[in-house]
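The values are calculated or read from the model by the stated rules, or taken from the named source; none is laboratory data. Computed from a predicted model, the values in this text were never measured in an experiment. We place every Cβ from the backbone using ideal geometry, glycine too, and count neighbours over all the protein chains shown. Ligands, DNA and RNA are excluded from the accessible area calculation, which covers all protein heavy atoms including side chains. Shrake-Rupley method; radii C 1.70, N 1.55, O 1.52, S 1.80 Å.
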Amino acid sequence: MRFRTLIAAIALAATASSAFGQTAAPTISVNGEATISVPPDIAQIDSGVTTEAKTAREASEANNKAMGIVLLALKNAGIAEKDFQTSRLSLSPQSAPGRNANAPFQIVGYRASNRVTVTIRDITKVADTIDVLVGSGANEISGISFAVSKASKLLDEARSEAIADARRKAEIYAQAANVTVGAPISISEEATPGPIPYRKMAAGMAASAPVAQGEETLRVTVSVSYELKPKAQ
């Protein structure tokens with residue numbers, strides 16, 4: 001049904017152009033796709049320290065001390081300071097039900113949390129970095145993501161393949177509509193999504209959990225509009 005609709009749209013564009021005296025040629029717009037699979041060369045670990053205490057001050061001070069130890073351990077492990085960054089700070093009250101059903105909830109303590117994102121530029125050191133985090137007191141390892149640092153450059157060949165794929169599709173539709181494909185009028189590339197979280201784990205299992213980076217599939221999608229011409233007689 002979509003195929004017939006597209007052919008009808010091509011014919012309608014040509015008719016409308018003639019009817020209103022327009023000189024612009026009818027066009028066809030298609031998407032072209034291409035992919036490439038490459039091993040990632042960079043990783044990010046989302047980690048943190050959560051502490052609880054009776055007062056907000058006690059919770060904050062304990063958390064600051066614990067996170068200071070974690071950051072020092074990362075530095076001593078050879079990770080550059082530019083590669084670990086605080087991503088979130090929070091301090092929230094903890095409540096519990098009252099002694100009876102009619103009693104309001106009471107604040108019984110406070111929870112402080114400090115999260116840090118660690119960038120690892122040597123994939124072989126991911127497991128070692130997790131060990132450093134957990135061993136120095138990080139009690140949350142909530143996500144690992146892998147990415148390709150020079151994805152745009154690696155996608156150059158795929159871009160050429162995506163354009164060829166778009167041309168192939170356009171020629172199929174043009175042949176069915178008894179016209180020919182001319183020069184491209186416009187070309188646009190769709191945005192490529194960022195890295196997707198690879199695995200979530202609790203701190204208790206992080207030290208023994210295997211980490212396999214696999215491969216990242218990079219995708220290029222282009223939208224191309226071509227001019228359509230009558231077939232030569």
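Some points to look at:
- Taking the numbered list (1) open to solvent by less than 30 Å² (accessible area, probe 1.4 Å); (2) modelled with pLDDT under 50; (3) of a type in the set (Gly, Ala, Ser) in turn, Ala43 passes all entries but (2).
- If you filter region 132-157 down to residues that are among the charged types (D, E, K, R) and within 30 Å of Glu189 (Cα to Cα), you find that the one that is surrounded by the most Cβ atoms within 10 Å (Cβ to Cβ) is Glu157.
- Scan region 65-90 for residues that are of a type outside the set (Gly, Ala, Ser), over 21 Å from Asp122 (Cα atoms) and either free of Cβ contacts under 8 Å to residues at least 24 places away in the same chain or open to solvent by 100 Å² or more (accessible area, probe 1.4 Å) (or both) and the total you get is 3.
- Test result for Gly137, touching a helix residue (DSSP H, G or I) at 6+ places or on another chain (Cβ under 6 Å) and either of a type in the set (D, E, K, R) or not in a helix (DSSP H, G or I) (or both): yes
- Pick from region 192-222, criterion at pLDDT 70 or above and of a type in the set (A, V, I, L, M), ranking: surrounded by the fewest Cβ atoms within 10 Å (Cβ to Cβ): Leu218
Yes/no per residue for (1) under 25 Å from the mean Cα position of the chain (by Cα); (2) modelled with pLDDT of 95 or more; (3) not in a loop (DSSP other than H, G, I, E, B):
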| site | (1), (2), (3) |
| --- | --- |
| Ser18 | no, no, yes |
| Ala25 | no, no, no |
| Ala62 | no, yes, yes |
| Ile69 | no, yes, yes |
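- Gly109 vs. criteria in contact with a strand residue (DSSP E or B) (Cβ under 6 Å, 6 or more places away or on another chain), open to solvent by less than 50 Å² (accessible area, probe 1.4 Å), at pLDDT below 95 and more than 27 Å from Arg219 (Cα to Cα): yes
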